[in-house]
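We did not get these values from a lab; they are worked out from the coordinates using the rules stated. In this text the structure is predicted, and so the values were computed from the model without any measurement. Don't worry about glycine lacking a Cβ; one is built from the backbone with ideal geometry, like all the others, and counts go over all protein chains shown.
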């Protein structure tokens, strides 16, 4: 919002530098928000604002799950309910166990009270609002993990429906467990927050200020997470799960983290919401609420922190302010023209209809929302657009440290078998890649080359055999663990993260080498800052190896890149993890001869730096220039192995490539030529 | 009634609901099979169908429980009502596809699904704002003929619901298996690109799928009214979600699977309610949904969905 507002107002403030403008904008916004109740002392309007803040907080939480990590959650209100009932149950008179002396310590610190309503002594829970906020975040996060865990393996739309199911189960449970939740009637008499012995009472103003503080905190957390290693990993998962896991991202951990943090936001909001309302009923947390939050996120812009806040405010205030006024105007107009039904129209009733229309219109015409998350990169100048073909390998190699020298075999594939149903994609294949060597795998289409890469990197399971990398077994490891061990790869049909920039794409390659977790990312500890700076410098060095192909485009999203440049980004991303072995799946496919030669020389210079390389390649001249050893696969069998020139003359290889008839023709010709010579 | 009779009665009731869920589930499955799209608008196309049926019956002068027909007039009224309802909801379905979803077909990600949620909301609120939030009594022109089976009773209504559903499902199976466009539909479900290359008009196939699915939802709406004797703007969500569960249970994308899943979910609902109480029935159904998706995503009869990524 600030950026687009700044660009809108750009001219009057042109004298102020862009980064200062952002800071000033924030201060002005904060001042307006803080002073609003002072200048506009109308309790109903302040209350509407506080409600809008609740929804903005929910939208921020859902944005982490849907916008950042791309996990479509249609039952998000369940976590809102969990936080709300948590606070409600522990501050109302609904659950009152019998008093026992072991409650005394809790009573001493004010969390419970001893009560007598004419029977035996009872316990009345009086959980502090301020303590309930972090506790509810923890409780909701726990449920986030609990509900998230079974959905991890599901594809996007199935995930949506399972979360919808959970979202329905929670209110049903609330409706049916009368003893705890008071059923459909809902909890009443929920305690208002206290501060220094004063209750918040019925005025909306104190809630308004608590709301501002909470929303500021949640925006802060969202922005810090977005711009961290964690945020990058979420977005990588959103864009391409398989590539993300092959680049060292632990899918299970990061998805659960997104569910947990998103749920924590909703749990805290639940406490705030019911403390303000002082009642909680199951209807407050059903599917319509989940959908409303989703509408806010979609309207504001999925993944856009400021967008979803603005979206939530606009939609909520539309409902509570604008539609009421508009209804009065329309009714007055109806009285003027004397049409009965126009006098009776209640537009506030139609808010859900408007929500539905907003969803459809946004999806059809503006899928990025009112404030899109993606930043527009500056246009390239003429020089940057016209890269020249460079000869002689990578540039700037002096900035890249040499790989440490290893001896023996880097990779040993022994008797590996992969089956897809009845099809044997790899049949007891043995491959050895010596440390520091370059091995090429060739073979006709469907011979199992890519399957070999997939089984080495853990993307498909092996039914038999062993794959040892630097002595450690890889079979059974998850793809991200395999990358961590130093095996990085590219894909035959390029798998980049389309909506991330070149720089972000390559930074994802560093994920496994960085350590900052969610807490240090939010706090931006000195250690995290140093780590992030170092990662960026290294990634820029890697990008710079391709000359001016990628460096001028570092801030552009990869969708706009040429095919060859996307291949280069993918190689840079794999290199960014500083692997011990690089697996290249047809790196020169789709490149013209000049570009092919350029890349071949670059691969050679990587090899000279000491990197071990295993590549799949169709262009035999590339294979001959680069590889020490060539392995030929056909129908899942290894049919030949040897030096490039030996393999070229191998009969079986000829059959595999040219077919039996062609081979026989070649052989017959040779024989005939021999016979003629004898004659 | 003995315990056995109680359960027999619940099986009869469950088969009624199951027939309705099966009709609805077919709509989810036809669309999902081709587009891999969960069509949330289907929920409320069904609901709209029940109102179309209500007003069609009222146009015949039938409202409330007072008018009872028999013989040819009854058959005629029912045939016309089914035809009108199915045509109207089928057209709504085609409209949703033609004017909204088709534009999003090439868009990756959840955009199309979110659109169907939006459409569902729009239908829901249009009905709420025009006919109001009250439950509407549904005309029931069927004579009250009842046969006793032990302690349980089987009504003419039940038999009629079964016959109509069976006829519709057999017709659909025949259509999908043996007609030219049905074959085109199956080919498109396997691989839209290859089907297009072979001369299949994919747009027309998808529109047909939406028409058939939505028409069956309309039939389901009429059956809902005949079974429960009421309708309301609220009925779409719960019934829709149960039917979706049925489609998933049978194997989404699989036509016989949707029918089997529908019957099973209907039985689970009535028998489950009998055992642990009606207010918990949905928890069982959603638990089934979650368990099937997690442990057997292909469902009871489904093939494993090809991974298109």
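Please give the residues of segment A:118-138, grouped as numeric ranges, whose backbone N is less than 20 Å from a label point set 7 Å along the Cα-to-Cβ vector of residue A:198.
The answer is A:128-131.
Could you tell me how many degrees, from 0 to 90 and to the nearest 10, lie between the Cα long axis of helix B:180-190 and the main elongation axis, the longest principal axis, of the Cα atoms of chain B?
70
How high is the FRET efficiency between residue A:519 and residue A:220 when r is their beta carbon distance and R₀ equals 22 Å, given to the nearest 0.05?
Plugging the Cβ-Cβ distance into 1/(1 + (r/R0)^6) gives 0.95.
Considering the zone a paramagnetic label at residue B:291 would reach in this model (a point 7 Å from Cα along the Cα-to-Cβ line), which residues of segment A:133-159 have amide N under 17 Å from it?
A:150-151
Would you mind computing, in nm to one decimal, how far apart the modelled labels at residue B:137 and residue B:163 are, each placed 7 Å from Cα along Cα→Cβ?
My value for the distance between the label points is 2.7 nm.
At q = 0.19, 0.21 Å⁻¹, what is the log10 ratio I(q)/I(0) for segment B:169-309, with the Debye formula run over Cα points and no solvent?
-1.22, -1.35
Stretched out fully, how many nm does the piece from residue B:102 to residue B:175 gain, at 0.36 nm a residue minus the Cα gap?
On the way: separation 73, 0.36 × 73 = 26.28 nm, distance 2.35 nm.
Length gained, residue B:102 through residue B:175: 23.9 nm.
Does anyone have the angle between helix B:202-228 and the longest principal axis of chain B? Alpha-carbon axes, 0 to 90°, nearest 10?
Tilt of helix B:202-228: around 20 degrees.
So what does log10 I(q)/I(0) come out to for chain A at q = 0.05, 0.06, 0.07 Å⁻¹, using the Debye formula with one equal point on every Cα and no solvent?
Normalising to I(0) and taking log10 leaves -0.34, -0.47, -0.61.
Show that you can apply the helix-only estimate: for the protein assembly as shown, add -39,500 (n - 2.57) for every DSSP H stretch of four or more residues, divide by all residues, and state [θ] at 222 nm to the nearest 500.
On the way: 40 runs with 581 residues, N = 988.
Roughly -19000 deg cm²/dmol at 222 nm, from the helical runs in the protein assembly as shown.
What does the highest-first list of B:171-182, B:102-113, A:329-340, A:260-271 look like by mean Cβ count within 10 Å? Working shown, then result.
Values: B:171-182: 14.1, B:102-113: 16.3, A:329-340: 11.8, A:260-271: 29.7.
Ranked by mean Cβ neighbours within 10 Å, highest first: A:260-271, B:102-113, B:171-182, A:329-340.
Between segment A:59-112 and segment B:125-188, how far is it from one alpha carbon centroid to the other, in angstrom?
44
Springs between alpha-carbon pairs under 10 angstrom, Gaussian network model over chain B: which of B:278, B:53, B:19 fluctuates most?
Looking only at B:278, B:53, B:19, the biggest GNM fluctuation is shown by B:278.
Between residue B:193 and residue B:300, what length comes free when the chain is fully extended (0.36 nm per residue of separation minus the Cα-Cα distance, one decimal in nm)? Numbers along the way, then the final one.
On the way: separation 107, 0.36 × 107 = 38.52 nm, distance 2.79 nm.
Between residue B:193 and residue B:300, full extension yields an extra 35.7 nm.
Pop the C-beta distance of residue B:11 and residue A:155 into the FRET formula with R0 = 41 Å and round what comes out to the nearest 0.05. List each step's numbers first, then the result.
Details: r = 35 Å, r/R0 = 0.86.
That pair, residue B:11 with residue A:155, gives E of 0.70.
State the dimensionless ratio Rg/Rh of segment A:497-576 (Rg: radius of gyration of Cα atoms; Rh: Kirkwood radius). Mind showing how you got there, number by number?
Numbers: Rg = 13.1 Å, Rh = 12.9 Å.
Using only Cα positions, Rg/Rh for segment A:497-576 is 1.01.
Specify the residue with the greatest mean-square fluctuation among B:146, B:87, B:188, computed from a Gaussian network of chain B linking alpha-carbon atoms under 10 Å apart.
So, out of B:146, B:87, B:188, the one fluctuating most is B:146.
Need one number: nm distance between label points at residue A:252 and residue A:96, each 7 Å from Cα along Cα→Cβ, rounded to one decimal.
For the pair residue A:252/residue A:96, the computed spacing is 4.7 nm.
Can you tell me the length gained on complete extension of the stretch residue A:468 to residue A:404, counting 0.36 nm per residue apart and subtracting the Cα distance?
Length gained, residue A:468 through residue A:404: 21.1 nm.
If R₀ is 45 angstrom, what is the calculated FRET efficiency for the pair residue A:117 and residue B:69, using the beta carbon separation as r and rounding to 0.05?
The calculated FRET efficiency here is 0.15.
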